[in-house]
Each structure stands twice: as structure tokens, then as C-alpha cells.
Amino acid sequence: MRKAVFFDIDRTIWNWKNEIPPSTVEAIRGLRKNGNLAFMCTGRTRGFIRHPALLGIGFDGIVSGCGTMIEYNGETVFYHELEKDLVEWTVRTVRKYGFKPILEGRKHLYLELEDFENDMYGRKVIKDMGDDLRSIDCEWGKWEVSKLSCATDTPDREKCLSELSEYYDFLVHDPTVAEIVPKGFDKATGMKDVCEMLGIDMADTIAFGDSENDREMLLTAGIGVAMGDGAPQIRAIADYVTKPMEEGGIYHACRELGLLTKH
């Protein structure tokens, strides 16, 4: 029975420097050669999935933006865009409480350079996005986005999240960062939509992840695999904990779970 296998990107497929273990590439190509399907399943929106080495691995599809966009065989089959009025209200609200937003879309990301020039993640976004990075204020009302992330290191953090909670769910990575996702969407909903589209039973899915935004995906998959160097709370809820990413964790799990021909 073929499996649908879903992979988080950051600290699962590659590291902070965008370095992908050769064994990871071998494993993903090998499981596809054996008749299985491989999907990226990420919190990144499509506009931030652009690196040639990542796309060059070869995937059957991409679930991006925490389930707000789905591609299959190079075609967009689903996209949920946030309404402009809601985005405008959201930006004004988070700024009122001192949050620094990054708006995330399928073509562009939007932020203000001065908000993130001293932030390690912000500098990475700025570098990786290049000419496809846009200013929130200069593009006011012209955005095309499906989710956002915020630097949230302010005393009124919880009050702000409470005000947003009618429209959004939150993936809190630490006290300074939160992903803000429209209600009804997460990586697991994207995975379910793919399986429904392709007629695949959820029992025949395997998901790989390492962090809090992978929780629902790992709990929903037939087999949830946590990377060996992943967050402790994610390793605790996984069905299987593999080796760390940089020690061939994906290849090891794919072999042990029967996705590859054992040698």
C-alpha cells in the first residue's frame, strides 16, 4: 500500500544554513521511486519556499502556510487568501500592542526592515527573499497573504493575542515569536485535504516534524515521526523518534518504516 509522507522543512529537511543532508535527498527520492508520495508540509507560505536545493529534491506537492495553500504536481489546487480588511485590522492591532509583523503570501513576504534588522530570523528572511520582499506600509492595502508571524516580545503579548483570537489561532514557538494562522487551518488540515483529494486513507500517512507547529500533523498522521533533536514536547507525542536531522534522521526513519528497500 503506497504511503503519503509529509515533511516539515526547517530543522527537519534542512538546518538554519539551508544545508540538506545528502541522505535526506536519497530517502525522499527513494520512497517516491518505491511508489509513495512525498509532500512538503510547512508553516512557510509559498513565497518563502524558493531555494533551488529544496525544490530540486523532487516532491509530489507542497502544503504551505499551515494548510492555507496546496499544490499537487506543480498546480495550485487550493488557496485561502485573507481578506484585505482583516489584514489591515490585524496589522493595526498587532502594532498597537508593540508586535512587529511579517505578512506571508504565496509570492511575497511583507515587513519593515527597521523592525528586523537586528533580529537573526528577520535578517534571514530579508536575505533569502531578495527582491520579492515588500514593505507593509509601502504596499498598504495591496497585500496578498494567507497568514502572518510576529515578534511578540512585549508586556501586552497575551492581551493582543486575546484580541486576535476571534479570527486566528496561534502557534507559539517561544515568548518572543508567534505564528498567527486563520482559524480552521493547520498542517493537519492540509494533510487531510491532500489525502481526501487523492483517496488516501489517513492511516497510510507518515509525517516528519520537530517543533510546536508540527504537533497536529504528527498527532493526525498514521505515524508521526519526531526528529531526534526536535522539541522535547514534540518527541513526547510522536509515534516514532528518529535520529537528529544532521545524523540522517529522515533516511533512518524511512528505512525502518519500510519506505525504502533495506540493505
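Let's see how each residue does on (1) touching a Lys or Arg at 6+ places or on another chain (Cβ under 6 Å); (2) in the same structural domain as T242 (by TED's automatic domain parsing); (3) not in a strand (DSSP E or B):
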site	(1), (2), (3)
E26	no, yes, yes
R29	no, yes, yes
G47	yes, yes, yes
I57	no, yes, yes
I62	no, yes, no
E71	no, yes, no
W89	no, no, yes
P101	no, no, no
Problem - Residue in the range 224-232 that is touching a strand residue (DSSP E or B) at 6+ places or on another chain (Cβ under 6 Å), more than 22 Å from G65 (Cα to Cα) and of a type in the set (D, E) present - result: no
Fill in the blank from the handout: Per the list (1) farther than 24 Å from K127 by Cα; (2) assigned to a loop (DSSP other than H, G, I, E, B); (3) over 13 Å from the mean Cα position of the chain (by Cα), residue check on G67 breaks on (3)
Exercise for the section: State whether the residues of the range 96-113 include one that is within 15 Å of G47 (Cβ to Cβ), free of Cβ contacts under 8 Å to residues at least 24 places away in the same chain and in contact with a Leu (Cβ under 7 Å, 6 or more places away or on another chain). Expected result: no
Exercise for the section: Give the residues of the range 231-251 that are of a type outside the set (K, R) and within 19 Å of A27 (Cα to Cα), sorted by residue number. Expected result: Y240, V241, T242, P244, M245, E246, E247, G248, G249, I250, Y251
Exercise for the section: Determine if the range 165-184 includes at least one residue that is part of a loop (DSSP other than H, G, I, E, B), within 24 Å of T68 (Cβ to Cβ) and among the basic types (K, R). Expected result: yes
Practice task
Go through the range 1-53 and count every residue that is crowded, with 17+ Cβ neighbours inside 10 Å and either in contact with a strand residue (DSSP E or B) (Cβ under 8 Å, 6 or more places away or on another chain) or not aliphatic (A, V, I, L, M) (or both).
Solution key: 34
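The values are calculated or read from the model by the stated rules, or taken from the named source; none is laboratory data. Since the structure is predicted, the reported quantities are computational estimates derived from the model, not experimental observations. Positions of Cβ are generated from backbone atoms using ideal geometry, with glycine treated the same way; all protein chains shown enter the neighbour counts.
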